[in-house]
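What follows is a single structure, written as structure tokens, with notes after it.
FYI, it's all coordinate maths here, none of it is from the lab. Computed from a prediction, not measured in an experiment: that's the story for all the values here. When we count neighbours, we look across all protein chains shown, and the Cβ atoms used for this are built from the backbone with ideal geometry, even at glycine.
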Amino acid sequence: MTWINNGRGSILVYAFKPYGIYNKNVSEQVLSRIPGSKSVIKKVFEVRFDAGMFTKTLREINPAVVLGLGQHPRARKLRIERKARNIKKNQDGLETTIVPSGPAVRFANLPLPVTGQTTVTYDAGSYVCNYSMYLTGQFCEKSGGRFGFIHIPKEYDLSVLKHYLSQVIDKVSVVQKTG
């Protein structure tokens, strides 16, 4: 794996609150188990299409690395999402663009470890996870940062997940410190 240090030292790891029919969100549950630090900043977002909510946080923190976590109700493995589309579906199921003048897709540029517990996918959907990933990609393109996104099965083993995420964060942290 190759990591980048663009001079900033922080890593933003974000997750989401419960939504719709779900009274818990595995992304929020695992984030609460990962220790924060001066360089690892944790944030939990509401599940809603609100560009300001995401961009305000990104601008305030100005992270070198962003790792997004979201719940995927039908996944069986951790899904390393590689592509966000410039599409969101409203409550009526109609698709609209996220950024009208933006590119059709944005590719994650943070390499994440592929293991027997993961699968790499190129469709983050059209809901808020994809939305956040697209906006994060836009921010990182301008700032020179790295970003990645992982969809987590809703009933995933939290200890296995915490171990995987801790390894990712440790790897990023080491590179941030050593340059």
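Some notes on this structure:
- A straight line joining the Cα centroids of region 109-171 and region 59-107 runs 10 Å.
- Among the listed pairs Lys38/Lys162; Lys43/Lys171; Lys17/Lys38; Lys89/Lys162; Lys142/Lys162; Lys83/Lys171, a Cα-Cα separation exceeding 28 Å is found for Lys89/Lys162; Lys142/Lys162.
- Each peptide in 34-41, 82-89, 64-71, 51-58 receives the mean, over its residues, of other Cβ atoms within 10 Å, and ordering these scores from highest gives 64-71, 82-89, 51-58, 34-41.
- Classified by the C-alpha gyration tensor, region 51-148 has an oblate form. Its axis ratio a/c, with a ≥ b ≥ c, is 1.5 or above, and a/b does not exceed b/c.
- Taking θ as phi - 60° and the Karplus parameters 6.51, -1.76 and 1.60, the scalar couplings of region 32-42 work out to 5, 8, 8, x, x, 7, 4, 9, 10, 9, 10 Hz in sequence order, x denoting glycine and proline.
- Radius of gyration (Cα atoms) of region 59-115, expressed as a multiple of 2.2 N^0.38 Å: 1.38.
- Per residue, the convex hull spanned by the Cα atoms of the chain amounts to 107 cubic angstrom.
- ³J(HN,Hα), Karplus 6.51/-1.76/1.60, whole Hz, each residue of region 129-140, x for Gly, Pro: 4, 4, 4, 5, 5, 5, 5, 5, x, 4, 4, 5
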